[in-house]
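K.L.:
Take a look at the following structure, please.
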Amino acid sequence: MTEHEPPTQPEPSPSPSPFTEGVPFTEDENRALHETLRAVVADGATPGGVVVTGTVGGDRAVLTAGAVAPERSPEPPDRHTVYDVASLTKVIATWPLVGRAVDQGLIDLDAPVRDALPPMSGDTPSGEPTVRQLLAHTGGLRATTRLDRYWNAELPLHEVLCRDPLEDTPGRAHRYINRGYVLLGLALAHVHRQPLDELADALWAGLGLRDTVYGPVARSPRVAPTEQRLPGVPRVWGSVHDDNAAVLGGIAGHAGVFTTTSDLATFAERLLAAHADEGSALGAWFRAGLVPQAVMAPGLHRGLGWITAHEGRVAYHHGFTGTSLYLSPTTGRYLAICTNAVHNGPSRTRIAPLRSLALKTASTT
């Protein structure tokens with residue numbers, strides 16, 4: 001695998017936008033977010049973290065606490081610190097690429113995913129869910145995924161996965177499943193006849209994301225380490241944390257992306273600006289992504305990729321390593337959170353107060 005050195009280009013300034021109703025974060029709101037970030041760091045939930053708040057065309061506030069890697073250096077993180085964002089890969093890589101492929105007529109949103117994969121023979125029940133259902137986690141696929149068990153399979157990965165039995169009727173209920181996005185990543189590479197990471201690189205370049213790449217990335221003080229899997233063994237650092245993505249060389253539809261809060265903020269600005277632009281294909285796809293596809297819990301719905309809350313006023317997604325992205329088309333606000341909370345093991349769950357406050361603050365009108 002080739003290591004990528006995260007770029008060090010200057011942060012782009014926000015581009016002009018038709019969005020005119022952004023509600024700026026108040027000093028009190030940013031102070032509360034900063035205090036909560038400091039508190040979860042002090043509680044041992046994460047070694048450190050960065051929160052960026054902003055609105056389209058407005059100023060960004062960068063809130064930091066703790067250290068990137070306290071066992072090596074007390075150096076604090078900043079907006080250019082590179083994090084493994086885990087399942088945020090689903091919404092910053094796979095979701096927009098699927099939307100572009102749908103717009104180009106390469107993928108049919110309501111056709112079985114098998115139609116976007118190389119030809120297969122025999123019974124392929126897990127190829128029956130539609131692309132829409134996989135995006136919305138309603139495909140009924142087997143929930144557990146251990147790609148290492150398929151290393152010696154004679155069939156290609158997409159066919160092995162599609163031959164697995166379903167656990168539920170497609171479209172019946174929501175269940176968060178990574179393998180649907182693994183299949184979507186394989187489908188994107190097939191319909192474009194191009195590797196997933198190359199497709200993503202072109203997408204991110206067009207959106208102005210300067211520090212976003214599929215890993216592995218070169219180890220450096222700019223890169224936040226994640227978990228120490230075994231005592232005495234070097235900590236995972238610059239390589240993807242997710243086991244299934246690692247089996248795929250770090251490049252997968254469900255995980256594998258490394259980025260910064262600065263780039264997440266730029267991505268959020270591009271989406272919110274596009275949402276307000278009736279002529280934007282990206283905006284149309286984002287609006288489609290906010291349409292509820294399934295009920296997750298009281299007040300929470302799954303759209304295409306995104307979770308929606310507060311009566312649809314906020315769209316968000318989390319990453320297992322301790323990352324989150326929140327966008328509010330209603331207020332024009334966004335919050336990007338990057339932590340390496342998995343660095344501290346089970347205490348990763350203690351970043352919940354920060355995520356809860358971020359969700360509440362994003363929806364404030």
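Bear in mind that the values in this text are calculations on the coordinates, not laboratory data. None of the values given here were measured: they were computed from a predicted structure. Using ideal geometry, Cβ is built from the backbone for each residue, glycine included, and neighbour counts are taken over all protein chains shown.
K.L.:
Once you list every other residue whose beta carbon is under 13 Å from the beta carbon of THR364, what net charge do they have if Lys and Arg are +1 and Asp and Glu are -1? Before the final figure, lay out the partial values.
P.N.:
On the way: positive: ARG313, ARG333, LYS360; negative: ASP28, GLU29.
Surrounding charge for THR364 is +1.
K.L.:
What is the ratio of the Cα radius of gyration of the chain to 2.2 N^0.38 Å, where N is its residue count, to two decimals?
P.N.:
0.94
K.L.:
While we're looking at this one, here's another question. At 222 nm, what helix-only mean residue ellipticity would the chain give, in deg cm²/dmol to the nearest 500, using -39500 (n - 2.57) for each DSSP H run of four or more?
P.N.:
On the way: 10 runs with 103 residues, N = 365.
The helix contribution divided over the chain gives -8500 deg cm²/dmol.
K.L.:
Which three extents, in angstrom, do the Cα atoms of the stretch 48-168 have along their principal axes, listed largest first?
P.N.:
Sorted from largest, the Cα extents of the stretch 48-168 read 56, 38, 24 Å.
K.L.:
Taking the convex hull of the alpha carbon atoms in the stretch 106-192, what volume per residue do you get, in Å³?
P.N.:
Values: hull volume 7.3 nm³, N = 87.
Dividing the Cα hull volume of the stretch 106-192 by its residue count gives 84 Å³.
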